[in-house]
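Notes to accompany the following structure.
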Amino acid sequence: MTLSRSIGRRALGGARLALIAVLLCASIVGCGGGEPEVVALPLAPLPGDFFGEWPVQTYVARTPSEWQQIWDAHTSLAFPPPAIPIVDFGMSTVVGVALGFRPSGCNAMQIVGATDSASEVLVQFRELLPPPGVGCAGVVVFLVQFATIPKTDKPVKFIQIP
């Protein structure tokens, strides 16, 4: 082998190595070099009779015993009191929000969405107020809603949106 061939092969090997390094860096940046991924979670309103007085707070239940503890903390205004809604905790986590009493039948609240990121689950909710000048029933309502999201062990944070 001549000296020029040996130098040419080394240069070609160096170019290959540089190309591999560039491709590896590009794949690392493409896979995780940007913003953390946030994924919308499926959210299902939990059916049940929640008519009653609830401590004003947010709720997370990951087990049947946590759900029972939350259920036992409210005062049902129905007679006889309804049974606790059934939840499959092997598949779901319960999230809930209680905002307290409001002066009109037109007041409402809803859990509108949930997102999952690498570090936490974020649950968004909003209070719906009646538009000015709308005639509403003068009854006191208690704003509370529960929903299920896919099972998670991550911290759950709540944010009220407009």
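The values are calculated or read from the model by the stated rules, or taken from the named source; none is laboratory data. Remember, it's a predicted structure, so these values are computed and weren't measured experimentally. Cβ: placed from backbone, ideal geometry, glycine included. Neighbour counts: every protein chain shown.
Applying a threshold of 8 Å to beta carbon distances and a minimum spacing of six or more residues, or different chains, the list of pairs starting in the stretch 57-72 at a residue that is in contact (Cβ under 8 Å) with a residue 40 or more places away in the chain and ending at one that is in a helix (DSSP H, G or I) and among the charged types (D, E, K, R) reads Val60/Glu66. Considering only the stretch 142-151, I want to know if a residue exists there that is touching a Ser or Thr at 6+ places or on another chain (Cβ under 7 Å) and crowded, with 17+ Cβ neighbours inside 10 Å. Yes - at least one qualifying residue is present in the stretch 142-151.
Does Thr93 qualify as being of a type in the set (Ser, Thr, Tyr) and under 21 Å from Pro42 (Cβ atoms)? Taking the combined requirement at face value, the residue satisfies it. Those strands (runs of 3 or more DSSP E) of the stretch 57-121 that lie entirely within it include none in which at least 2 residues are in contact with a His (Cβ under 8 Å, 6 or more places away or on another chain) and of a type in the set (S, T, N, Q). The residue that is nearest to Lys151 (Cα to Cα), counting only those in the stretch 70-116 that are among the β-branched types (Val, Ile, Thr) and touching a helix residue (DSSP H, G or I) at 6+ places or on another chain (Cβ under 8 Å), is Val94. Step by step: first the residues of the stretch 36-70, then only those that are among the charged types (D, E, K, R) and either surrounded by 15 or more Cβ atoms within 10 Å (Cβ to Cβ) or more than 18 Å from the chain's Cα centre (by Cα) (or both), then the one that is nearest to Ala114 (Cα to Cα). Which residue is that? Of everything passing the filter in the stretch 36-70, Arg62 is nearest to Ala114 (Cα to Cα).
A quick yes/no check of all residues on (1) at pLDDT 95 or above; (2) among the hydrophobic types (A, V, I, L, M, F, W, C); (3) closer than 20 Å to Met109 by Cβ:
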| position | (1), (2), (3) |
| --- | --- |
| Cys31 | no, yes, no |
| Gly34 | no, no, no |
| Glu37 | no, no, no |
| Gly48 | no, no, yes |
| Phe51 | no, yes, yes |
| Pro55 | yes, no, yes |
| Thr58 | yes, no, yes |
| Trp71 | yes, yes, yes |
